[in-house]
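Enquirer: The structure follows.
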């Protein structure tokens, strides 16, 4: 198995590709992502499979849609029995590491990763369980609202900045430890996920990133329908995040977008730090780098904020691949995060025989190599807050169909209408397409059964959470192991041996400067 490439997946949280230089934004500065796209493959129709943090990540890790693994919302347990790409890569001989956020819920906080070098940023229990029996009620402790937009701006430190700085440092330190081990004879390839919280709200940026932008350069949202013209699902979202009755001034909207742009640049700097580290340990040319996100951010488009819907700014994600065997170009086929599981397995030299459960994706390596792919499809499911019924998306070719049982269907032709301003579902010219999509939804999903299962798991999780809160118990929040007695220089070792171990490149293997 010699010669297989290393893999590093760099993941953002809530990053819409529209707001990056690599995808054509003329204001947002993302030089490191731009550089990867310039020497690799940019996927222009990549989607998350559920536009919410935990469900999206569980699909990404498992290669399975959320309805298959009951990963409905941010308090759904990610069962230890679900195989992940970390399990498979470890079985294929890779050293695996997770640095940063993955929003695992439940007692298993590693899900196949050999090393996990940071804690998570969010709770790992059932605290954030929605209630479809009362879908109109807000959980004020953790539901988004417009106060987040109103309080956007500049700060020297936030919990998110603290976290991402730690994630970046821990990832780089692990990479140097990998290089030290390799210099000592361990030649196994590595697979790392470095997962950051930015540019997720709150929209608060450090001054050096904020000052990259000027208020006058920040455009306002391009399409904001009047409240009475919003579709029913968008109205429910607006009510849930309080956007329907909390007015925002243009100054507030512009300030939030400026802070978001600043934090996109901050995330981009983390890409640069990791690529530089790969160069410093001599692994850049032997590493496939994948940059993506768990979902996007509406950022005021259509009057919506955050995610939780299947419009482009919420459901589409950046996906850029660069490294050995990856061609330079742009892939237009629709694809999604479930496709990364088989992609990573192909990179690692495995095949479908390794899978312990059926998966819902296909390898993107043919597209990454610049070849043709007959599949041009992405499937989405949303079963979390601010809806009383499952919501489905089918993106096939240029058409996107969105379905929720109590709502009128939506159909958009993204080639002619990238801003999704014209719902074609009632257009006679698209009658056949609408009928075909509706039939596919009915055959693919049993909405009544899925809704009943969602509500049953919500009820059980709320009961469990109440019990867990009733008295002292063991938290599931991940506590990275750390043994200070074995770090740096200690009495049981010769300091010269420690110095030799930590020095990289090893003495005698450095090139003359």
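Read-outs throughout are calculated quantities, based only on the coordinates presented, and are distinct from any laboratory measurement. Remember, it's a predicted structure, so these values are computed and weren't measured experimentally. A quick note on method: Cβ atoms are made from the backbone with ideal geometry, for glycine too, and the neighbour counts reach across all protein chains shown.
Enquirer: With r defined as the distance between the Cβ atoms of residue 155 and residue 490 and R0 fixed at 45 Å, what FRET efficiency is calculated, to the nearest 0.05?
Expert: My answer for the efficiency is 0.75.
Enquirer: A follow-up question, please. If r is the Cβ-Cβ distance from residue 148 to residue 482 and R0 is 30 Å, what FRET efficiency results, to the nearest 0.05?
Expert: Efficiency, from the Cβ-Cβ distance: 0.35.
Enquirer: On a C-alpha basis, how far is the centre of the stretch 357-402 from the centre of the stretch 237-300 in Å? Whole number, if you could?
Expert: Computed from Cα coordinates, the inter-centre distance equals 22 Å.
Enquirer: Something else: Quick one: order 198, 492 by neighbouring beta-carbon count within 10 Å, fewest to most.
Expert: Fewest-to-most ranking of 198, 492: 492, 198.
Enquirer: Under the Kirkwood approximation applied to all pairs of distinct alpha-carbon atoms, what is the hydrodynamic radius of the stretch 1-104 in Å?
Expert: 15.9 Å is the Kirkwood radius here.
Enquirer: Helix 447-469 against the longest principal axis of the chain: what's the angle in degrees, Cα atoms only, rounded to the nearest 10?
Expert: Tilt of helix 447-469: around 60 degrees.
Enquirer: Quick check on the exposure proxy: order 455, 493 from fewest to most C-beta atoms within 10 angstrom.
Expert: Ascending number of Cβ neighbours within 10 Å: 493, 455.
Enquirer: So how tilted is helix 159-183 from the main axis of the chain? Cα-based, degrees 0 to 90, rounded to 10.
Expert: 40 degrees
Enquirer: Right, next: Kindly put 381, 443 in sequence by how many other C-beta atoms sit within 10 Å of each C-beta, fewest to most.
Expert: 443, 381
Enquirer: Along the Cα→Cβ direction, 7 angstrom out, place labels at residue 217 and residue 466. What is the inter-label distance in nm?
Expert: 5.4 nm
Enquirer: Right, something else. Points 7 angstrom from Cα along the Cβ direction at residue 351 and residue 444: gap in nanometres?
Expert: That separation, rounded to one decimal, is 2.9 nm.
Enquirer: For the stretch 343-453, rounded, prolate or oblate, judged on the Cα gyration tensor with a ≥ b ≥ c (square roots of eigenvalues), a/c < 1.5 rounded, else prolate if a/b > b/c?
Expert: Because a/c hits 1.5 or more and a/b fails to exceed b/c, the stretch 343-453 counts as oblate.
Enquirer: Still on this structure, I have one more. Helix 250-280 sits at what angle to the longest principal axis of the chain, using alpha carbons and giving 0 to 90 degrees rounded to 10?
Expert: 30 degrees
Enquirer: Under Stokes-Einstein, with the Kirkwood radius over Cα pairs standing in for Rh, what whole-number D in µm²/s applies to the stretch 229-293 at 25 °C and 0.890 mPa s?
Expert: After rounding, the answer is 158 µm²/s.
Enquirer: Using a ≥ b ≥ c from the Cα gyration tensor of the stretch 460-506 (square roots of the eigenvalues), is it rounded, prolate or oblate, where a/c under 1.5 gives rounded and otherwise the larger of a/b and b/c decides, a/b for prolate?
Expert: Because a/c hits 1.5 or more and a/b exceeds b/c, the stretch 460-506 counts as prolate.
Enquirer: Suppose we keep just the DSSP beta bridges with both residues in the stretch 6-375; what percent of those would be antiparallel, to 5?
Expert: Percent antiparallel among DSSP bridges in the stretch 6-375 is about 20.
Enquirer: Moving on to the next point. Is the C-alpha gyration tensor of the stretch 6-375 telling us rounded, prolate or oblate? Criteria: a/c under 1.5 is rounded; beyond that, a/b larger than b/c is prolate, otherwise oblate.
Expert: Because a/c hits 1.5 or more and a/b exceeds b/c, the stretch 6-375 counts as prolate.
Enquirer: Also, quick follow-up: How much length is gained on full extension from residue 162 to residue 181, taking 0.36 nm per residue of separation minus their Cα-Cα distance?
Expert: 4.0 nm
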